[in-house]
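These notes are about the structure you will find just below.
The values are calculated or read from the model by the stated rules, or taken from the named source; none is laboratory data. In this text, all values refer to a predicted model and were calculated from it rather than measured experimentally. All Cβ positions, glycine included, derive from the backbone under ideal geometry; neighbour counts span all protein chains shown. Protein only, heavy atoms only, side chains kept; ligands, DNA and RNA dropped before computing areas. Shrake-Rupley method; radii C 1.70, N 1.55, O 1.52, S 1.80 Å.
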Amino acid sequence: MSTKERIQKTKNSDLSRKGKLVLLAHELADHFKTDIYFCEIKGKRWSFVAGSDKTVYGSWRFQLNDRWGIISTRKLAEEKDIHLINDMIRGILSD
Amino acid sequence: MSELTVKEWVKQVVKPDEIDKYLIDGKDFINEQAINTTLAKNQKPEKQRIRDIIQKSLCIERLDPEETAALLHVEDPDLWEKMFAAGLEVKRKVYDNRIVFFAPLYCSNLCVNNCAYCGFRYENKDEKRRILTMDEVRQETEAVISEGHKRMIVVFGEHPRSDADYIARTIETIYNVKMPARNGMGEIRRVNINAAPMSVADLKKLWNVGIGTYQVFQETYHKTKYARIHPSNTLKGNYRWRLYALHRAMEAGIDDVATGALFGLYDWRFEVMGLLHHAIDLERQFGIGPHTISFPRMTPASGSALSISSNYLVSDADFKKLVTVLRLSVPYTGLIITARENAPLKKEVIQVGCTQTDASTKIGIGGYTEALKELSHLERQNQEIDKQQFILGDTRRLDDVVLELAEMGMITSFCTAGYRCGRTGDKIMGLLKSCTEGKFCKLNAVLTFREYLDDYASPETKAIGEKLIEQEISQIREIPFFSKGSLLETFDKMYRDTLNGKRDVYI
């Protein structure tokens with residue numbers, strides 16, 4: 001099963017949003033070969049929701065939308081390619 | 001701001017189901033009989049037992065109540081010296097060599113309560129009542145930023161005019177203020193709140209605007225004393241509503257919460273046990289203990305005879321001991337010592353394991369703006385007891401305190417990285433307990449201290465500060481942890497960027 005297919009399966013599952021994010025974080029970490037955190041954004045606060053058990057030192061922070069962001073140790077994509085990540089996670093973080 | 005009358009507002013604040021849900025077998029987590037029994041049983045601890053307990057703390061493990069009670073009864077001066085040294089060592093392991101600075105901002109002294117020890121009590125007719133408009137909050141924040149601060153704790157009386165909506169607007173206002181510095185713009189990057197207990201719905205309003213830490217002090221954990229000094233016909237008279245304020249905060253999503261007690265109201269050993277039980281219950285119910293613990297000591301307050309005549313006022317020697325025991329008991333929690341304490345004592349107690357303090361502090365409503373207008377150097381004499389909640393012991397400016405710490409070899413930090421990098425709540429607790437977060441404390445202390453030296457420091461502070469930064473960077477290069485992956489390379493680039501004028505760079 002490809003990464004895209006596994007992510008689609010996760011999206012369609014009955015898991016809670018947090019549960020889906022935990023699986024999604026693993027998929028993205030495998031795909032991009034780096035550790036990531038999904039964070040919920042409130043003002044300046046980026047609160048950890050799901051992601052690596054390891055310490056991710058925030059070299060790269062990217063705000064996906066008003067409410068969610070990704071932190072990873074290295075850049076996952078150039079800004080022009082960020083829609084690729086958004087495509088992967090659409091439906092999980094869109095509300 | 002609420003449109004209800006004060007009486008109507010007071011009636012709807014407490015939600016009994018938001019207390020009951022956290023009780024265990026119908027009881028709250030303060031069992032006074034059990035605490036007193038534990039204290040009584042541990043009155044003459046064996047020296048070896050104390051040494052074993054100290055070792056447990058040094059392994060960054062939270063102590064059990066029996067162990068804390070034993071520490072509280074140590075009498076041997078040599079053992080106390082070992083405990084003082086262990087407190088500093090615990091702090092260094094968890095948080096490294098830095099002290100984080102903040103400024104308090106008192107927004108309002110309107111209050112519906114009548115607490116016997118407080119200048120804000122509603123029966124105190126000498127108190128000049130005021131609540132800051134958002135323009136005034138902005139002006140106060142500009143003054144705080146101009147000193148070099150990046151973090152604030154904002155304090156409110158309990159009143160419908162300073163309800164959750166007002167507090168949320170205050171947070172948003174403060175975050176939007178920018179002031180020119182020597183390089184770029186200064187700003188406040190973390191706003192913590194000290195306020196009354198609230199419902200989950202109200203706490204979510206604070207969560208939604210990005211609150212830092214939510215701080216509620218129990219004042220005293222002793223129920224009879226609590227009832228005596230907080231009249232039962234006031235909101236604050238509800239012991240359990242206050243006791244579970246931080247539980248509700250966790251439920252609302254606020255995963256950085258802070259406890260405290262006002263030492264001098266009741267027996268200090270009992271209060272230390274109360275703080276420990278509070279931490280234990282938060283861990284039990286949410287998996288996360290308090291982000292910080294505070295231990296203000298009662299000082300003279302307008303209209304409060306209790307603040308001068310209490311039988312439980314804490315001596316300087318006992319104050320140092322209680323802070324040490326707190327440090328050893330909850331090794332991963334931040335400890336805040338404030339400008340309530342005079343400069344010499346603060347210097348001494350910081351060295352038993354405190355992690356945060358304030359400076360350039362003004363606690364009058366509108367105090368920062370007024371101080372700028374007066375440009376007075378006679379700051380202690382210009383404190384106005386009828387505009388302040390209490391009297392400050394340390395009125396020194398931020399630069400003076402930064403210099404003092406630098407001369408002691410301690411680096412000042414204005415770090416706000418953790419809560420902007422997903423290192424919050426149970427994530428940061430795990431990192432603190434494993435002594436990993438302290439590594440990031442070290443890096444971010446250097447980055448923020450660099451900013452301070454270049455943007456705000458006096459020439460004298462800068463000269464000493466440069467040497468301290470060199471020492472810190474040498475240590476960073478020698479510590480194996482920093483050689484992993486690209487962390488050192490990332491830090492080097494960030495440091496160079498900061499030197500070149502880039503601001504708000506953090507790891």
**OP:** Please work out which residue is farthest from B:GLY253 (Cα to Cα), limiting yourself to the range B:214-229 and to residues that are open to solvent by 10 Å² or more (accessible area, probe 1.4 Å) and not in a helix (DSSP H, G or I).
**Re:** B:HIS222
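Per-residue answers, yes or no, for (1) modelled with pLDDT of 95 or more; (2) buried (at least 20 other Cβ atoms within 10 Å of the Cβ); (3) closer than 24 Å to B:LEU110 by Cβ:
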{"position": "B:ARG240", "(1), (2), (3)": "yes, no, no"}
{"position": "B:HIS247", "(1), (2), (3)": "yes, yes, no"}
{"position": "B:GLU251", "(1), (2), (3)": "yes, no, no"}
{"position": "B:ASP255", "(1), (2), (3)": "no, yes, no"}
{"position": "B:ALA279", "(1), (2), (3)": "yes, yes, no"}
{"position": "B:LEU282", "(1), (2), (3)": "yes, yes, no"}
Original post:
Restricted to the range A:51-66, and to residues that are closer than 29 Å to B:ASN176 by Cα and at the interface with chain B (Cβ under 10 Å from one of its Cβ atoms), which residue is surrounded by the fewest Cβ atoms within 10 Å (Cβ to Cβ)?
Top reply: A:ARG61
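Considering only residues that are assigned to a helix (DSSP H, G or I), out of contact with any helix residue (DSSP H, G or I) (no Cβ under 7 Å at 6 or more places or on another chain) and open to solvent by 40 Å² or more (accessible area, probe 1.4 Å), look in the range B:359-386 and name the one that is modelled with the highest pLDDT.
Here is the first cut: in the range B:359-386, the residues assigned to a helix (DSSP H, G or I) are B:367-374.
After this cut, where a residue has to be out of contact with any helix residue (DSSP H, G or I) (no Cβ under 7 Å at 6 or more places or on another chain) as well, the list is B:367, B:370-371, B:373-374.
Narrowing the set further to residues that are open to solvent by 40 Å² or more (accessible area, probe 1.4 Å) leaves B:370, B:373-374.
On the way: B:GLU370: 86, B:LYS373: 77, B:GLU374: 74.
Ranking the candidates gives B:GLU370 first.
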**OP:** Using the structure shown, decide if B:ARG151 is touching a strand residue (DSSP E or B) at 6+ places or on another chain (Cβ under 9 Å), closer than 15 Å to B:ASN192 by Cβ and touching a residue at least 60 places away in the same chain (Cβ under 8 Å).
**Re:** yes
Original post:
Among the residues of the range B:250-268, which ones are among the hydroxyl-bearing types (Ser, Thr, Tyr) and assigned to a loop (DSSP other than H, G, I, E, B)?
Top reply: B:TYR266
Original post:
Looking at the range B:189-205, is at least one residue modelled with pLDDT of 95 or more, β-branched (Val, Ile, Thr), farther than 15 Å from B:GLY253 by Cα and assigned to a loop (DSSP other than H, G, I, E, B)?
Top reply: no
**OP:** Consider only pairs whose beta carbons are under 6 Å apart and that are at least six residues apart or on different chains; among these, list those whose first residue lies in the range B:197-214 and is under 18 Å from A:ASP66 (Cβ atoms) and whose second residue is open to solvent by less than 10 Å² (accessible area, probe 1.4 Å) and of a type in the set (D, E, K, R).
**Re:** B:GLY210/A:ARG45
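For B:GLU489, state whether it is surrounded by fewer than 22 Cβ atoms within 10 Å (Cβ to Cβ), of a type outside the set (A, V, I, L, M) and either within 28 Å of the chain's Cα centre (by Cα) or away from every other protein chain (no Cβ under 14 Å) (or both). Can you show your working first?
Working: surrounded by fewer than 22 Cβ atoms within 10 Å (Cβ to Cβ): yes; of a type outside the set (A, V, I, L, M): yes; either within 28 Å of the chain's Cα centre (by Cα) or away from every other protein chain (no Cβ under 14 Å) (or both): no.
No: the conditions fail for B:GLU489.
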Original post:
Just checking, how many residues over the range A:21-45 are under 10 Å from the mean Cα position of the chain (by Cα), away from chain B (no Cβ under 14 Å) and either basic (Lys, Arg) or open to solvent by 40 Å² or more (accessible area, probe 1.4 Å) (or both)?
Top reply: 2
Subject >> Test: B:GLU466 is away from chain A (no Cβ under 14 Å) and out of contact with any helix residue (DSSP H, G or I) (no Cβ under 9 Å at 6 or more places or on another chain) >> reply: no
Subject >> Of residues in the range B:55-73 being open to solvent by less than 10 Å² (accessible area, probe 1.4 Å) and hydrophobic (A, V, I, L, M, F, W, C), the one farthest from the chain's Cα centre (by Cα) >> reply: B:ALA70
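Please determine, by comparing only the residues of the range B:430-443 that are part of a helix (DSSP H, G or I) and within 11 Å of chain A (Cβ to nearest Cβ), which one is farthest from B:ILE469 (Cα to Cα).
Residue satisfying both the conditions and the ranking: B:GLY430.
Do you know which residues across the range B:413-423 are closer than 26 Å to B:LEU398 by Cβ and at the interface with chain A (Cβ under 10 Å from one of its Cβ atoms)? Lay out the reasoning, then the answer.
Taking the range B:413-423 and keeping what is closer than 26 Å to B:LEU398 by Cβ, we get B:413-421, B:423.
Hits for the range B:413-423 are B:THR416, B:ALA417, B:GLY418, B:TYR419, B:ARG420, B:CYS421, B:ARG423.
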Original post:
In this structure, does B:MET179 turn out to be more than 26 Å from B:GLN12 (Cβ to Cβ), in contact with a strand residue (DSSP E or B) (Cβ under 7 Å, 6 or more places away or on another chain), open to solvent by 10 Å² or more (accessible area, probe 1.4 Å) and not in a helix (DSSP H, G or I)?
Top reply: yes
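Does B:PHE449 qualify as being more than 10 Å from chain A (Cβ to nearest Cβ) and aromatic (Phe, Trp, Tyr)? I'd like the intermediate steps shown before the answer.
Numbers: more than 10 Å from chain A (Cβ to nearest Cβ): yes; aromatic (Phe, Trp, Tyr): yes.
Taking the combined requirement at face value, the residue satisfies it.
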Subject >> Long-range neighbours under 6 Å by Cβ, at least six apart or interchain, first residue within 14 Å of chain A (Cβ to nearest Cβ) within the range B:239-260, second of a type in the set (Lys, Arg) >> reply: B:ALA252/B:LYS204
